[in-house]
Amino acid sequence: MDRTRLVLVAPIFGAEPVSPARLESALAGGDVAAVIIDAGDGEPEAVQPLAAPLVEVAQAAGAAALLRGDSRAAGRIRADGVHVDTDVDEVASALKRLRPNGIVGAGGAVTRHAAMELGELDPDYVFFGRLDRPDTDTAEPTAISLATWWAELFEVPAVALLGLDLAEAEDLAAAGVEFVALRDGVWRHPEGPAAAVSQANAAIEAGWVPA
C-alpha cells in the first residue's frame, strides 16, 4: 500500500478565506496530494477570481487542485477536477463530463449505504466527513469509523476529514486510510500552516506501515 497522504481543504469564502500566500505556506510544509478549493455556496461570479490563484499555487507545488461548489467553473480555472458532495446524481454527472482526464471526488457519505452507492460509480475517492460542520478538536467519530471500514474493504481510496488534533493522522495511516484531509487544523494552527502540514506528515510517518 502507498503511504497515506494529505489533502487540504481551502475555503475561499466566509470569515477566514484562504489566500494564495497562506496556501503557498502550507504547501511548503511537506507532502500534499491535493487541495480542495471550497467555494461552498459562494456567488458563481465571485468564484473564478478567488479560486484561480489557488489552483495555480497548488499545481505549482505538485498538488492536484479540485473545486468544490461551482463545478462549472472548474474548467475555466483549469482545475484538475471537482469535489462533489451534493448527491449521487451530481457525482454521476461530473464523472460523465470529466472522465477520463479529470478527477472526480465524491463526498457526503454519512452512512455505509451512502458510501457504497457512491463507490459503485467508481469516483477517484470517497470523502468521509462533513464540510458543513465546524471543526472540533477531534474528528467526527462517524467519519473516522466509516473511513477505516471503507479502506479495509474497497479499492476506491478513502479520504477522512480530521479536526484540529493532527495526531489523529497516525491512527488513520496505521489503519490504511489512503488520504487524510485537513481544514481548520491547518489554517488555525498556532504555529502556522507550514508547521501544521509538517506535523501531520510526521504523524502519518509514525503510523504508516509499508506493505
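Please go through segment 156-211 and give me each residue that is among the β-branched types (Val, Ile, Thr) and either under 29 Å from Leu121 (Cα atoms) or at pLDDT 95 or above (or both), ordered by number. If the condition is that a residue be among the β-branched types (Val, Ile, Thr) and either under 29 Å from Leu121 (Cα atoms) or at pLDDT 95 or above (or both), then Val156, Val159, Val177, Val180, Val186, Val197, Ile204 are the ones that fit.
Please enumerate the residues belonging to segment 76-109 that are out of contact with any helix residue (DSSP H, G or I) (no Cβ under 7 Å at 6 or more places or on another chain), crowded, with 22+ Cβ neighbours inside 10 Å and part of a helix (DSSP H, G or I). Ala94 - this is the single residue of segment 76-109 that is out of contact with any helix residue (DSSP H, G or I) (no Cβ under 7 Å at 6 or more places or on another chain), crowded, with 22+ Cβ neighbours inside 10 Å and part of a helix (DSSP H, G or I). Note on segment 139-179: residues that are in contact (Cβ under 8 Å) with a residue 60 or more places away in the chain and in a helix (DSSP H, G or I) amount to 3.
Condition check ((1) closer than 22 Å to Asp87 by Cβ; (2) of a type in the set (A, V, I, L, M)) across all residues:
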| site | (1), (2) |
| --- | --- |
| Leu121 | yes, yes |
| Leu131 | yes, yes |
| Glu155 | no, no |
| Ala169 | no, yes |
| Ala173 | no, yes |
| Glu178 | no, no |
| Ala181 | yes, yes |
| Pro193 | no, no |
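Of a type in the set (S, T, N, Q), at pLDDT 95 or above and surrounded by fewer than 17 Cβ atoms within 10 Å (Cβ to Cβ): does that describe Ser145? Criteria met by Ser145. Take Ala73 and tell me if it is of a type in the set (Gly, Ala, Ser) and closer than 29 Å to Ala169 by Cα. In short, no. Scanning segment 69-93 for residues that are farther than 18 Å from Val47 by Cα and in contact with a Pro (Cβ under 9 Å, 6 or more places away or on another chain) yields one hit, Val91. Note on segment 146-185: residues that are farther than 19 Å from Leu118 by Cα and of a type in the set (Gly, Ala, Ser) amount to 8.
Each row is one residue, and each column tells you yes or no for (1) without any contact (Cβ under 8 Å) to a residue 40 or more places away in the chain; (2) assigned to a helix (DSSP H, G or I); (3) surrounded by 15 or more Cβ atoms within 10 Å (Cβ to Cβ).
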site	(1), (2), (3)
Glu16	no, no, no
Ala21	yes, yes, no
Val55	yes, yes, yes
Gly62	yes, no, no
Ala74	yes, yes, yes
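The values are calculated or read from the model by the stated rules, or taken from the named source; none is laboratory data. The structure displayed is predicted, hence computed values, not measured ones. Virtual Cβ from ideal backbone geometry, glycine too; neighbours counted across all protein chains shown.
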